[in-house]
1. Can you pull out the GluC sites (Glu not before Pro) in segment 221-308 whose DSSP state is coil and whose Cβ has at most 16 other Cβ atoms within 10 Å?
2. Would you mind giving the average projected area, over all directions, of the Cα convex hull of segment 185-322 in nm² with one decimal?
3. Would you mind checking K192/K265; K192/K314; K264/K314; K264/K354; K314/K354 for any pair whose Cα atoms are more than 22 angstrom apart?
4. Could you state the per residue volume, in Å³, of the convex hull enclosing the Cα atoms of segment 79-133?
5. Each residue of segment 235-240 in order: what ³J(HN,Hα) in whole Hz does its phi give by Karplus 6.51 cos²θ - 1.76 cosθ + 1.60, θ = phi - 60°, with x for Gly and Pro?
6. Counting pairs of Cα atoms in segment 77-216, how many percent are more than 20 Å apart?
Amino acid sequence: MRAAGYHSFTIFLAVISLVAVMAAGCASGAAPAPAAESASEDMTEAALAADTAAAPAEEEPKLTTETAVAGICLSRSSYGDNERLAGELREALAARGFLPDHILSMDITGNRQKQQEEIDGCLAQGCNVLIISPVENEAIPGLADRISDSGASAVFVNCIPPEGETARWASEEISAVWIGTTYADELACQMKILYDCSGQERGIDFNEDGHVGAVLIGGGEEARSSLEETVRDLGSELQILAETDLEDAEEISAFTQEILNTHKKEAELFLCSTEAAAQAAADGVQLRHRLVGRDILVIGTGAHEDTCTAIINKLMTGSVFMDFYEQANLAAVASKDLVEGNQESRIISNVIFKVTEENAQEVLDQLWKSGGGAAQEEAEEEAQEGETEEAGEENRPEEENEEE
C-alpha cells in the first residue's frame, strides 16, 4: 500500500510539473503579439509619411496680364509729352491684356515728394508693374530699389537714368527697364537728315568750297565728332565756325545773327541739341534773310507743333520726333514681359524718327489728334500752378512765425 501511495504521489508531481511547463510555453508564445502590432503601426505611419511627401505642394497662381495690376505715374512735361503719353499708355496696356480696372493712372505732378507718395500708393494697392516718368532723373536709382524691394517691376520713360544705372539693374537683378533715347541716338537721326539733304540738288556744301561751315549750339564733343564723320563720309571737310551752350532763346537768336554777319555764306549749317535752340536759331536765320534749304540748314531735336510748322514753312530743315505712340506700345509690351518673367533687356530704344518736309504734316496731325496745343497749354498752366504752390510752401513757415 505504501508503495502504491508513493507511486500515486509521484505521478501527481509529474502532472503538476507538466502543467507548469505548458503554462510557461504558452506564456512565451503569446509575448511577441504586442511587438507585431507595434511594427504594423510603424509601417502604417511610414506609408502615410511617404504619401504626404509625394503629394506636390500647392503653387501660387502664375501672374498674368489678366491678374496683374499696372500703375502709371508720370511727371509734368514742358511740351505736354506725358499728358499725351498717359492716354496712349492706358490703351496700349489694355491692348496687351491688362484689365482696365487693374490700370491705376495717377495724377501728373511736378513735385518729387507727391510722386513718391503716388508710387507708394500704387504699391500699397498691389501694383505688379509701374510705368514711371520721374520728376528728377536723380531719383531713378532710389525708385528702382524701392519698387524692386516690394516685389514689383518698373518701366521708366521720358527720362535719362544716371550713368551705369541700367548696368546696376542687371548686376543686382533689379526688375526695371528704361524706354527712351540717348543723345547719341538723336545725333544719328540728325545725321540721317544730313544724308537726305546731301542727295538733293544743292547738297550741303552750298558755296561749293569743299567745306561745310557749321555752328554747334550745344552737343559738345559728341556732336562735333558725329558731324565730322558724316561730312567726311559725304565727301566734304567740316569747318566749325563757332560753338555755344547758350540756352536763352533771345541770346541764341542774337548769336546766330552775329555769326551770319561775320561769316556770311560760309555759314551753311546750324546743328542744335534742343528744340528750343533750333527754333531760336531758325529765328535768327530768318531775320538775316537766309533761306533754309537753299543756302543754309537748321537741324534740331524734338518736334512739337511749332517745330513741325516751321519745317512745313521751310524755316527749319528737320528735327527728331519722340514717337509717343511707339513709346506707349513698347512700354506696354515691356510691362507684359516683366509680369510674365520674359523681359531680359534693360534698355529699349527705337522710339525716335526724323522729321523733314516730307512727313512734318503727318506728325503735326498726330500731335493735334492726341491733344495738340491743349496738352501743351495744360502742362504750362500746371507748371505755373506748381511753382505757385512751391513758393507758398516755402513762405508758409515764415507767415506762421509772424502770426506767433
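1. When the GluC sites (Glu not before Pro) of segment 221-308 are filtered for loop state and at most 16 Cβ neighbours within 10 Å, E247 remain.
2. Across all orientations, segment 185-322 yields a mean hull projection of 7.1 nm².
3. Checking Cα-Cα distances, K192/K265; K264/K354 exceed 22 Å.
4. 77
5. x, 10, 10, 8, 10, 7
6. Percentage above 20 Å: 58.
Any read-out appearing in this document is the output of simple, stated calculations on the displayed coordinates, not a laboratory observation. Given the structure is predicted, the values throughout are model-derived calculations rather than measurements. Ideal geometry is used to build each Cβ from the backbone, glycine not excepted, and the neighbour counts take in all protein chains shown.
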